[in-house]
Amino acid sequence: MSGIQATSNNSAAAQSNPTWQIILNHKALRQWLFFLLVSTSAVAGIGMMTQILKANGLTGLEITLLGLFAIVFSWIVCAFWSAVIGFVLQWLNIDPLSLKPKLTIPAPDTAPLSRTAVVMPVYNEDTRRIMAGFESCLRSLADSGHLAQFDFYMLSDTRNPELAQAELDHWQALQQRLGNLRHHAFYRRREKNGERKVGNLKEFCQRFGYRYEQMIVLDADSIMSGQTMLQLVHAMEQNPNTGLIQTVPIPVRQTTLFGRFLQFASELYCPMLATGLSFWQTDSANYWGHNAIVRMQAFMQSCGLPKLDGPAPFGGDILSHDFVEAALLRRAGWDVFLLTDMRGSFEEVPCNILDYATRDRRWVQGNIQHLALLGSRGLHLTSRLHFLFGALAYISSLLWMLMLALSSADALLRATSDNDYFHHTYQLFPNWQVAETGLINALLMCTVVLLMFPKALGVILALKQRRNEFGGAATLLKGAIAEALFALLIAPIMMVYHAFFVLSVFLGYQVSWNAQEREGRMLSWREALHRTALPSAIAALWAAVTFVLTPLMFWWMVPVFTGVILAAPIVRYSSSLGLGRWARLNGLFISPSEAIEPDELKLLRIRLANLPAKPARVDCVPALPAEQWREMPLQSFDDVPPSVLAEVRN
């Protein structure tokens, strides 16, 4: 964990390190370097687009188009340079935090000095899956020999009475299987689930937080190895100013074609992208709500979330709480890190496009709400960027769609209007239309490079460092080509969904935050057509009009039209378990977790195969540790509170 130690500006190691001032300068320099790369590239692209549009005089429509392009292009450039920086650091084996050669992280051989709670909030989940995952994590840690300093909590907010009873029944069966290990496992169900997951964790901290120095937060679908948990705890112990450490969770256990595509792409590109993010975020990284460790004292003193004033989408309960909690920790003086070199952190993802979009709809609403917090007092600049980038990740889809619509409208207007080459009454020579063909082609190539080059970098990196984990070079390349083509096919579909979700949020429509579908299932034609028929019909009409009136525009937009018009069969067949099995048998989308199955995933698979569907009914109340209530003070976004760290030191 040398990277964290070198970056933590209040650790004992940093205070005594003569190179500490240089490292501080590196932090400022790397952020300025990133800003310079992004701003220079964005200005160049926007300048090219300006020259293209103003060649024949700018209309109001084209000015609007230029504004949309400026936002979207800047967003693409930001992602591009994060990927390039991540590639360089990983290629050279350099830690993104310390900028020193990366060391192999050994398994901690000493017992933790502090106590840690491992918490798994659940809400109307598949009972067998959450119990098997919970047990897998606990046994993985027990195998390390250091379970004594850990307690595991399943924190249930389940409302369905049948599922709630099933949780109790399976919990009792789990207790019997655990034997003496059961003294480190607890189950608690809230009668009222106010404030959703935020309220669930808040109540746990207030009732039992006094017992622990930190907590590892898991989702219902999370799996984390015992070694990874120990590494996180040791990192917190060695860096007393660290409030939160986020790992990079990798999707696993996917069976449908779409799920395997996501799993493969995440394993191939996410570590590289996360390394680039960690480089410029340094000690002001983000929190993704799970697969992370949080210092209990820092969380309780700094992360009490109030309700926001006003109506939705910007008022009410804070929905995407994780971003806000990271920002509040940073505001209070605690460091927040993203560790990108830590293996053994896993999650599961929705198995088809519709379920994936449904999850995104919740995130759209939560991330757009963050725009209301951009002006909050005392927040670190990087935290504000997290809020802005999180919203732009979805708003950019709406902007892309508006750009395509305005471009089509402009092309149609030019195609159907009479050419007027004499703009003034007394004019000797005509104003011929100018086509900036060279600039158009150059800008198009730049955009393609910005979008596709990071994928090529991810493949090159994997070929150099992890080809055997992906089943060999040939299998890796085959999967990467298929991934790029499939991503191109479904991108227009996701653009349509995200654009609709963004509009829905701004129009005030609310979405329920329910449990996610995680197990593989093939969608019916009825469900696929119900969710795709309208955009497919609009895309077909749009394509027909442009083909007749502006054929050149039509051919430019064929990739977009194809994905949306064929949305129903794409959605249905990508959810196929049969095609998923076929892909695996034929070496397509092979991921490291399949090529070499980690022990904790193997245990999960075996446990799921052996768990009874319906264990004996139990009516007992699970035992819990003694409570000692401690209040979590609500934070204000209008006033800057005193530094938590100053209070701790005094």
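The values are calculated or read from the model by the stated rules, or taken from the named source; none is laboratory data. From a predicted model like this one, the values you see are computed outputs, not experimental measurements. Glycine gets a Cβ as well: all are built from the backbone with ideal geometry, and neighbour counts include every protein chain shown. Only protein heavy atoms, including side chains, enter the accessible area calculation; ligands, DNA and RNA are left aside. Shrake-Rupley method; radii C 1.70, N 1.55, O 1.52, S 1.80 Å.
Observations, loosely collected:
- Here's how it looks for residue 185: its modeled amide H is under 5 Å from those of 152, which are all 5 or more places away or on a different chain.
- Heavy atoms of the protein chains alone define the surface here; on that basis the chain has 44 Å² accessible area per residue at 1.4 Å probe size.
- Per-peptide average of other Cβ atoms within 10 Å, ordering 601-612, 571-582 highest first: 571-582, 601-612
- Simple label model, 7 Å out from Cα along Cβ direction - residue 586 to residue 58, nm: 5.1
- Karplus-derived 3J(HN,Hα) values for the range 123-137, using 6.51 cos²θ - 1.76 cosθ + 1.60 with θ = phi - 60°, are 8, 6, 9, 5, 4, 4, 5, 5, 5, 5, x, 4, 5, 4, 5 Hz; glycine and proline are entered as x.
- Peptide ranges 216-227, 440-451, 401-412, 122-133 listed from the most packed, as the mean C-beta count within 10 angstrom indicates: 216-227, 122-133, 401-412, 440-451
- Across the range 71-87, computed HN-Hα scalar couplings (Karplus, 6.51 cos²θ - 1.76 cosθ + 1.60, θ = phi - 60°) run 5, 5, 5, 4, 5, 5, 4, 4, 5, 4, 6, 4, 5, 4, 5, x, 4 Hz from first to last residue, x flagging Gly and Pro.
- Taking label points 7 Å from Cα along the Cα-to-Cβ direction, residue 602 and residue 445 give a separation of 5.1 nm.
- Multiplying the residue separation of residue 474 and residue 159 by 0.36 nm and removing their Cα-Cα distance gives an extension gain of 108.6 nm.
- Nearest-0.05 FRET efficiency for residue 409 and residue 482, computed from C-beta distance (R0 35 Å): 0.50
- Placing a pseudo-label 7 Å from each Cα along the Cα-to-Cβ vector at residue 374 and residue 510 gives an inter-label distance of 2.6 nm.
- The range 53-154: Cα Rg divided by the 2.2 N^0.38 Å rule of thumb: 1.98
- In order along the range 228-241, the Karplus-derived 3J(HN,Hα) couplings, from 6.51 cos²θ - 1.76 cosθ + 1.60 at θ = phi - 60°, round to 5, 4, 5, 4, 5, 5, 4, 5, 5, 5, 7, 10, x, 8 Hz, and Gly and Pro are given as x.
- Highest mean packing comes first when the peptides 43-51, 147-155 are listed by Cβ atoms within 10 Å, giving 147-155, 43-51.
- Net length available on complete extension from residue 541 to residue 99 is 153.8 nm, with 0.36 nm assigned per residue and the Cα-Cα distance removed.
- Accessible surface of the chain, 1.4 Å probe, proportion on carbon and sulfur as whole %: 63
- Residue 146 sits with roughly 30 Å² accessible to a 1.4 Å probe, with DNA, RNA and ligands left out of the calculation.
- Full extension of the chain segment joining residue 465 with residue 525 gains 17.4 nm, where the gain is 0.36 nm per residue of separation less the Cα-Cα distance.
- Sites residue 190 and residue 634, calculated FRET efficiency, Cβ-Cβ separation with R0 22 Å, nearest 0.05: 0.65
- In this structure the amide hydrogen of residue 284, modeled in the peptide plane, comes within under 5 Å of the amide hydrogens of 336, none closer than 5 places in sequence on its chain.
- Residue 626-residue 177 FRET efficiency (beta carbon distance; Förster radius 35 Å; 0.05 resolution): 0.85
- Computed [θ] at 222 nm, deg cm²/dmol, the chain (DSSP H ≥ 4; -39,500 (n - 2.57); rounded to nearest 500): -19000 deg cm²/dmol
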